[in-house]
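The values are calculated or read from the model by the stated rules, or taken from the named source; none is laboratory data. Everything numeric in this text was worked out from a predicted model, so none of it was measured. Here the Cβ positions follow ideal geometry from the backbone for every residue, glycine too, while neighbour counts run over all protein chains shown. We work out accessible area using only protein heavy atoms, side chains counted, and drop any ligands, DNA or RNA first. Shrake-Rupley method; radii C 1.70, N 1.55, O 1.52, S 1.80 Å.
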Amino acid sequence: MTSQVGKNKTSMKFFEPFTTGLGIEVSDHHLRLAQVGFFGSVIRMEEVVLPEGLVRDEHVEKPDELKSIVKDKLTSFGLTERPYRVTILVPESRIFSHSTEIPRTVPAEDRKRKAREIAQREIPVPFSQARLCLAVGNREGEVVPATTYVIEKQVFDPLHAVFTQDFLRLVAMEANTKALLRLLTMSGSQRREDATPGSLMAMVDVGNAWSTLSLYSRLGMNVFSRTIPHATKGKPIPKNGELPEAAVDSIIATLKETVLFFEQKHLSIGSVILGGVESQDDRFKKKFEQDKTSFEIRLISDLVKMEGVSKNQLHAFGSAIGAALRSAHPSKYKQHYNFLET
């Protein structure tokens, strides 16, 4: 005889693919997965250590082997019985982006074409050999902001192939900082709409091999993005432990240069949010305090509080959680850029 509790658990499991979303991040050494419920609660966080050589420099070298590992692991997690909605994070180090402002006089149906033409002149990748998508914002005065995102097909295609499986329903493919921004917007104590009009927010995703600095407008449009490699003078990047001192200094120097550049354009950066596992390194805080920077520096764990998620988990799984939020509410975030939609 089946108990009522057992029936309820079975029923809940049956509806999970419709009421939850998955977010997955893949790097050279690990796969991180988050499952988020319809109301934003984190149901599951899993980390899988990957064998050497499957992913190198954030490029999937052996898609068939990685695809098999993904299937085996998700089966062990009980996530293959019915198709689950999933958002896959695309390595930001492999994404080119270009932001521009289109005169409002350009007809709406021509704005994406115009933004694409401008971006091709600035991005050193033939668009015929790339996957690209565009985000067009709302009118701001006499212009409409637009950002073009580009990734080479040789990088996109094997990553896409890994997650083209019967038990997964691909919702979107996007970059880490956009997912972190979504997490901050939904769960953060700091509200972007309360920021000074015209000010920008910097989102810094500090990883083991790369860091990405992205600037977002008050309305969530990306206006600048730069990836910073950590390897220096041929020295290998440590898999565990602290970042090289030179990498910490490089991230800080890039941030300061970026702030100065935009200040000269009369655009201020109101706050800087640090995400990623390595962002908890105390050297960032100490060096910023020594420099007495004019902008506010905060860890994402200072701003986002989620029940059952520790600070360390928030930094490790923050991007995956933000991606899972999109999967749980695909229609809500349909306006966000998506490499699945060209």
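Remarks
- Only helices enter the 222 nm calculation for the chain: every DSSP H run of n ≥ 4 contributes -39,500 (n - 2.57), and dividing by all residues gives -11000 deg cm²/dmol, rounded to 500.
- Dividing the mean sequence gap of close Cα pairs (under 8 Å, 6+ apart) by how many residues the chain holds gives a relative contact order of 23 percent.
- For region 74-113, accessible area per residue (1.4 Å probe, heavy atoms of protein chains only), Å²: 49
- Spacing of the two label points (7 Å from each Cα toward its C-beta) at residue 305 and residue 109, in nm: 5.1
- Solvent exposure of region 247-342 as accessible area per residue, Å², 1.4 Å probe: 48
- Compared with the dominant principal axis of the Cα atoms in the chain, helix 311-328 is inclined by about 80°.
- Between residue 231 and residue 50, the FRET efficiency from the beta-carbon distance, with R0 = 22 Å, is close to 0.70.
- Local net charge near residue 119, Cβ-Cβ under 14 Å (Lys/Arg +1, Asp/Glu -1): +4
- Based on Cα atoms of the chain, Rg over Rh with Rh as the Kirkwood radius reads 0.97.
- Sulfur and carbon atoms: percent of accessible area, the chain [1.4 Å]: 50
- Shape category assigned to region 1-155 from the gyration tensor of Cα positions, a/c cut at 1.5: oblate
- Where labels lie 7 Å past Cα in the beta-carbon direction, separation of residue 246 and residue 15 in nm: 5.6
- Among 163-176, 98-111, sorting by the average number of other beta carbon atoms lying within 10 angstrom of each residue, highest first, gives 163-176, 98-111.
- Gain upon complete extension [residue 166, residue 75; 0.36 nm per residue less C-alpha separation]: 31.6 nm
- Straight-line cross-link partners of residue 285 among the aspartates and glutamates, defined as a Cα under 20 Å from its Cα and at least 8 positions apart when in the same chain: 205, 242, 245, 249, 257, 296, 302.
- Ranked by solvent-accessible area (1.4 Å probe, protein heavy atoms only, all chains present), the residues 73, 287, 305 order from largest to smallest as 305, 73, 287.
- Residue-by-residue Karplus 3J(HN,Hα) for region 116-125, coefficients 6.51, -1.76, 1.60, Hz, glycine and proline x: 5, 5, 5, 5, 4, 6, 9, 9, x, 9
- The slack between residue 286 and residue 153, meaning 0.36 nm per residue of separation minus the straight C-alpha distance, is 43.8 nm.
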